[in-house]
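Data first, discussion second: the structure below is written as C-alpha cells.
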Amino acid sequence: MYYCGVEIGHRAHHLCALREVRTDEPPVKLAATFFEPGPVPAVAARIRALGEAAVAVAAPMTQPRGGSEKRTCDELLELRGISPRPFSEEGRGLFEELADLGLFSPGGEDRQGNVEEGSFQAAPVFETNVDAVFSSLQNRRLPARRNPLGIQRRIEELTDDHVLDEGGDLWHRRIDELEAAGAALCAHRFAVGHARWIGDPAEGVIVMPGSVPVQEFTTEGVLPPVTRLPL
C-alpha cells in the first residue's frame, strides 16, 4: 500500500508516495518516492497507477458556505496558530479527479474527532494542511518555510519519523517536495488510525496526525533569539 501526499502549486503539483519497509528490527521505515511536478490529470493518473493508496491533498477541498469568508475548519486552524491555505481551482480539480476513490467526511455535528480506524478503506482521499501536520508532530509551531530553520525542522521531523529518500537526500529536495512528504506522512497516520480531524463535516474538514484534541500550538522556542542592532 502507498501513502501519498500532494502539494498543490500554481501550475504544477508535487507528489510524494511512501511505502512501509519492514525489517527484522523496529521501527518501520517509510521509503519515499518523489515524482516530477505536473498538472492535475497527470498527478491523479499516477496515484491511480500506484494501486491501493491513502491520499492527503494539501489544499482546500471546499469553499465557505453561505457567503462566509472562512470555513469552520479554517477558523479552528487560525485559533491554533496555523494559517489556512487559500482555495484554488487546481486543488478542487484534484479532489474531483479522485472523488470516485472516496472522499473522507466524518459526518455528525461535532467539530473535531478521531479518524475511525479503517476509514481509508472506503474514503482514502482527504484534505490536510502541511503546516498543521508538522506542528502536530512537533506539538509546537514551526518556523515559516522561508526561514532556513523552518526547512531544517521539517527535514528533521521527516527523518525522525523514519522517512527515507530513495532517490537522493532530503536536504537536496525542493521545499514543495518536503511538504508533499509531510502530507504523505499524514496519509500514513490516517491509514493506521492515528489521525484527527477538525471542522464542520457538512462543509469540509482538515485531517492532521494525532489522537487527542487539537490545542493551540505554542510559539515558545520557535525561533532562537538573535541580536539586531539599530541602523
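Laid out as a table, the results:
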{"item": "Residue match in segment 17-34 (condition: touching a residue at least 12 places away in the same chain (Cβ under 8 Å), aromatic (Phe, Trp, Tyr) and over 25 Å from His194 (Cβ atoms))", "result": "no"}
{"item": "Contacts under 9 angstrom Cβ, first residue in segment 69-90 being at positive phi, partner surrounded by 17 or more Cβ atoms within 10 Å (Cβ to Cβ), 6 or more apart", "result": "Gly81/Ser135; Gly81/Arg141; Gly81/Phe217"}
{"item": "Filter result (assigned to a loop (DSSP other than H, G, I, E, B) and surrounded by fewer than 17 Cβ atoms within 10 Å (Cβ to Cβ)) within segment 90-104", "result": "Gly102"}
{"item": "Members of segment 34-73 found to be of a type outside the set (A, V, I, L, M, F, W, C), surrounded by 15 or more Cβ atoms within 10 Å (Cβ to Cβ) and farther than 19 Å from Leu101 by Cβ, listed by number", "result": "Pro37, Pro64, Arg71, Thr72"}
{"item": "Residue match in segment 207-226 (condition: in contact with a Phe, Trp or Tyr (Cβ under 8 Å, 6 or more places away or on another chain), polar (S, T, N, Q), more than 16 Å from Glu7 (Cβ to Cβ) and in contact (Cβ under 8 Å) with a residue 12 or more places away in the chain)", "result": "no"}
{"item": "Single unsatisfied condition, Phe87 versus (1) at pLDDT 95 or above; (2) surrounded by fewer than 21 Cβ atoms within 10 Å (Cβ to Cβ); (3) hydrophobic (A, V, I, L, M, F, W, C); (4) within 18 Å of the chain's Cα centre (by Cα)", "result": "(1)"}
{"item": "Selection count, segment 62-115, where residues are of a type in the set (S, T, N, Q), closer than 24 Å to Val40 by Cβ and touching a Leu at 6+ places or on another chain (Cβ under 9 Å)", "result": "1"}
{"item": "Residue within segment 14-29 that is surrounded by 11 or more Cβ atoms within 10 Å (Cβ to Cβ), assigned to a loop (DSSP other than H, G, I, E, B), of a type in the set (A, V, I, L, M, F, W, C) and at pLDDT 95 or above present", "result": "no"}
{"item": "Residue match in segment 146-153 (condition: closer than 24 Å to Ala12 by Cα, more than 15 Å from the chain's Cα centre (by Cα) and in contact (Cβ under 8 Å) with a residue 60 or more places away in the chain)", "result": "yes"}
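The values are calculated or read from the model by the stated rules, or taken from the named source; none is laboratory data. Keep in mind that this is a model prediction, so the values were computed, not measured. Note that we place each Cβ from the backbone using ideal geometry, even for glycine, and neighbour counts take in every protein chain shown.
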